[in-house]
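Asker: Questions regarding the structure given below will be posed in turn.
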């Protein structure tokens, strides 16, 4: 039983995300230690802007592609979906580039925080195309071992490049270029191994494109607003306080991403299974799946939250150095909303899996409007970045309430007994059995 669990898709996804996150912390430490707070802030804003645009195209293609690919019944249908996803993604990337180019190169913004974003975002979008499609195809095919190899290889490759930076003293611009080239190279290697497929292009794929787009227009807005929800803090802080404040805020926020590692892993594996249960109208199994995953993840992240709350200064100093001492209190504030992440994320998974993307979009829009309002209010009142962080807790609590109301026909009222028995206790019992295995 234990061996089966350890070699399951969830375990492979958790292992890959955990390993890449660990390497990500190492990479973040290199950036924070080797460059000034201003340069680090510019790097974080580039990541923020790129991620926002990446979510725009990913939301349109990735979620519907994974969902429909998981329930496809034959090889020809899967090839057509792959071809349609390539066409949509490539076309959409060109459109994004054409719309963004005037802003990136002709719009003058007297704010150094956006310098790298204006120069390199388009380059990253194109260089990441094969790498992103490689990951989506492996996820949709539930080839999580290969997906783990791809993710770890990229994170480790970037770590090696940063190790060279310590000796060769690359500029931050050179690091940006190497990052994009590494993504493109791994995608191309994936195509050589046959892991990245191009699907069918010769036949008319209009039906498949419309099918993906019909679902994707909702999931696109959901993913973009989700990205804006997470990045709106950085945008507002950058415009209000500058790049150094962005760096101070981003260091503890990246640490909280450690909390999201198991959540993302379980969510990526749960999506195809939840979609199948919705299609088969197995409501009780779906409810049990929700409580099992949320309870397990809550028990899993709780020890990490305790460590963050008790030793914030030590953790921040280890990651970013003494120049980020203001980030310690931010890390403690972030822990409160991090405890809500499992329930909030799986409410979104169930809404998408149940073909209710419009409701998920509405939930995230409500959260985004609340977060932006609280951010502006906090800065206007002089609460600074600490007030911005506190507003995130209120926002995520509101998101959980809204998501639960939208899923009331499936989840009913919150059943603490199911949450405790099938989630928390089951995870504790599993950990007790592992040493004896």
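Asker: Please give the peptides 117-123, 276-282, 86-92, 130-136 ranked by average Cβ packing (other Cβ atoms within 10 Å per residue), highest first, as a rough proxy for protection.
Answerer: Numbers: 117-123: 20.0, 276-282: 14.4, 86-92: 18.0, 130-136: 22.1.
Final packing ranking: 130-136, 117-123, 86-92, 276-282.
Asker: On average, how much area does the Cα convex hull of region 305-384 cover when viewed from any direction, in nm²?
Answerer: Values: hull surface 27.1 nm².
That works out to 6.8 nm², a quarter of the Cα hull's surface.
Asker: Could you tell me whether region 162-270 comes out rounded, prolate or oblate from its Cα gyration tensor? Rule is a ≥ b ≥ c as square roots of the eigenvalues, rounded for a/c under 1.5, then prolate if a/b exceeds b/c, otherwise oblate.
Answerer: Numbers: a/c = 2.10, a/b = 1.34, b/c = 1.57.
Verdict is oblate for region 162-270.
Asker: Also: Take the chain, compute every pairwise Cα distance, and split them into 10 Å bins from 0; I just need the percent in each bin.
Answerer: Calculated over all Cα pairs of the chain, the distribution is 4, 20, 32, 29, 13, 2, 0 percent.
Asker: Can you sort 159, 63, 200 from fewest to most other Cβ atoms within 10 Å of each residue's own Cβ?
Answerer: Values: 159 15, 63 24, 200 19.
Listed from fewest to most nearby Cβ atoms, that is 159, 200, 63.
Asker: Normalise the Debye intensity by I(0) for region 342-413, one equal point scatterer per Cα, no solvent, then take log10 at q = 0.14, 0.22, 0.29 Å⁻¹ and round to two decimals.
Answerer: -0.47, -0.86, -1.22
Asker: Also, I was wondering about something else. Just need the relative contact order of the chain here, percent rounded to a whole number, with Cα pairs under 8 Å and 6+ apart.
Answerer: Relative CO of the chain lands at 24 percent.
Asker: Using a 7 Å offset from the Cα along the Cα-to-Cβ direction at both residue 394 and residue 156, what is the distance between the two label points in nm, to one decimal?
Answerer: About 4.6 nm, to one decimal.
Asker: Could I ask something else about it? As a footprinting exposure proxy, order 169, 345, 37 by other Cβ within 10 Å, with the fewest listed first.
Answerer: Values: 169 9, 345 23, 37 20.
Going from sparsest to densest Cβ surroundings: 169, 37, 345.
Asker: On each of the three principal axes of the Cα atoms of region 26-101, give max minus min coordinate, whole Å, ordered largest first.
Answerer: Projected onto the principal axes, the Cα atoms of region 26-101 cover 53, 31, 13 Å.
Asker: Contour minus end-to-end for residue 101 and residue 192, with contour as 0.36 nm per residue of separation and end-to-end as the Cα-Cα distance? If you can, show how the numbers build up before the last one.
Answerer: On the way: separation 91, 0.36 × 91 = 32.76 nm, distance 3.19 nm.
Result: 29.6 nm gained on full extension.
Asker: Let me ask another. For region 260-316, evaluate the Debye formula with one uniform point scatterer on each Cα (no solvent term) and list log10 I(q)/I(0) at q = 0.18, 0.30 Å⁻¹, rounded to two decimals.
Answerer: -0.68, -1.15
Asker: If every alpha-carbon in region 201-264 counts as one equal scatterer, what log10 I(q)/I(0) does Debye give at q = 0.11, 0.19, 0.26, 0.27 1/Å?
Answerer: -0.47, -0.82, -1.08, -1.10
Asker: For 346, 44, 69, which order do you get if you count the other beta carbons within 10 Å of each Cβ and list the fewest first?
Answerer: If I rank by nearby Cβ atoms, fewest first, I get 69, 346, 44.
Asker: May I pose another question? What 222 nm value per residue comes from the helices of the chain, counting each DSSP H run with n ≥ 4 as -39,500 (n - 2.57) and dividing by all residues, nearest 500 deg cm²/dmol? Write out the running numbers ahead of the final one.
Answerer: Details: 18 runs with 362 residues, N = 437.
Using -39500 (n - 2.57) per qualifying helix, the result is -28500 deg cm²/dmol.
Every read-out reported here was derived from the displayed coordinates using simple, explicitly stated rules and does not represent laboratory data. Everything numeric here is computed off the predicted structure, so don't read it as measured data. Neighbour counts are summed over all protein chains in view; Cβ atoms, including those assigned to glycine, are modelled from backbone coordinates with ideal geometry.
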